[in-house]
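In what follows, a structure is listed as structure tokens, so that the remarks can point back to it.
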Amino acid sequence: MKNLLLFTALVSFSFASAQITTDAGTFNKPAAGETAFEMHFTPNITGGSQFGDAQENISNTGVSVMMRKFKDDSKAVRMFGSFDLNGSDAEGADTIIDATFGYGIENHLAGAERLSTFWGYQGGIQLLNIGGDDVDFGLAGGVFVGADYYIIPKVYIGTEFGFGLEIAAEGGDAGNTDYSLGHNLSANFRLGFRL
């Protein structure tokens, strides 16, 4: 049975690899006017859920979904965000909303045939505990480097690393303001496609 499964996997991989060739070769770089959509996830390498939401961090791109619009062959704008709604039917329980939104610029480098490398900068806002007793507000900005590897034409998996500043203001009477300046290295990956 194992040999049959191995044979089937090898045949499937051979057919899938044969279909990678396009008119421009095995890979074509993102071009002006193209749009890419992606989701961020954290694979189970630290004991979390198998493909959990990305770790929330707005100075890097640890958000759940992103759209990238390529202005030309080497520059793209990115818009990203996440939205979480948590509630309970328990007596007196609040329905809580957490939302993150951001915007950034990517500068794409030469890379390789299937590897698209880039660097950029971005900023965002975060609203936490909406609907709760006190709403927390955050601002962030940062720089990043990343890479996308095209596994088949127009479908890629990628990751990126960044350095940024986050400022968070707690709501309510305490009104504490926290900040952090540092790197954003996490086990987040991205899976995306271009239209």
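The values are calculated or read from the model by the stated rules, or taken from the named source; none is laboratory data. For clarity, every value in this text was computed on a predicted model and none was experimentally measured. Counting neighbours? That spans all protein chains shown, and the Cβs are built from the backbone with ideal geometry, glycine included.
Exactly one residue among 95, 100 is surrounded by 15 or more Cβ atoms within 10 Å (Cβ to Cβ) and either under 22 Å from residue 152 (Cα atoms) or among the polar types (S, T, N, Q) (or both), and that residue is 100. Scanning the range 115-125 for any residue that is modelled with pLDDT under 85 and out of contact with any Leu (no Cβ under 9 Å at 6 or more places or on another chain) turns up nothing.
Only residues that are modelled with pLDDT under 80 and in a loop (DSSP other than H, G, I, E, B) were counted in the range 126-155, giving 5. Could you tell me whether the range 45-52 includes any residue that is of a type in the set (Gly, Ala, Ser), under 20 Å from residue 149 (Cβ atoms), surrounded by fewer than 17 Cβ atoms within 10 Å (Cβ to Cβ) and at pLDDT 55 or above? No, the conditions are met nowhere in the range 45-52.
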